[in-house]
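These notes concern the structure reproduced below.
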Amino acid sequence: MDNARKKDLIRAFKEKPVPQGVFAVRCAASGQVWVSASRNLERQQTSLWFGLKHGGHPNRGLQAAWTAHGEAAFTYEVLETLEIEDDASPYMIQTRLKDRDLHWRTALGAEKALG
């Protein structure tokens, strides 16, 4: 691969929008659901599973369910991906994420997964 092609691929990767939105973690064994907003839905599950596997997740209820039922009982689901306008400020994005997070937690009767 030549240098020009490498530069084009790197630029395209950096310009790719990061999907932001709301996700749910479900425990099939207990029926519990946890919901939170994320600034990076693609990497959120990896981060969550890492914390849970190592017993260091800050949500004690989620960690207890993971410990009791194991990884096989859990699923990660993207509930909603936000369409972000080019001129949206970080404050506007954060406000929309909080609003959608509250909407989904209310609709599903879920607990908050993160902070």
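The table below lists the values:
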quantity: When residues of region 55-72 are limited to those that are under 18 Å from the mean Cα position of the chain (by Cα) and of a type in the set (A, V, I, L, M, F, W, C), the one nearest to Ala24 (Cα to Cα); calculated: Leu62
quantity: Residue in region 90-100 that is among the aliphatic types (A, V, I, L, M) and in contact (Cβ under 8 Å) with a residue 24 or more places away in the chain present; calculated: yes
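Computed from the coordinates by the stated procedures, all read-outs in this text should not be read as laboratory data. Quick caveat, the model's predicted, so the values are computed rather than measured. Neighbour counts are summed over all protein chains in view; Cβ atoms, including those assigned to glycine, are modelled from backbone coordinates with ideal geometry.
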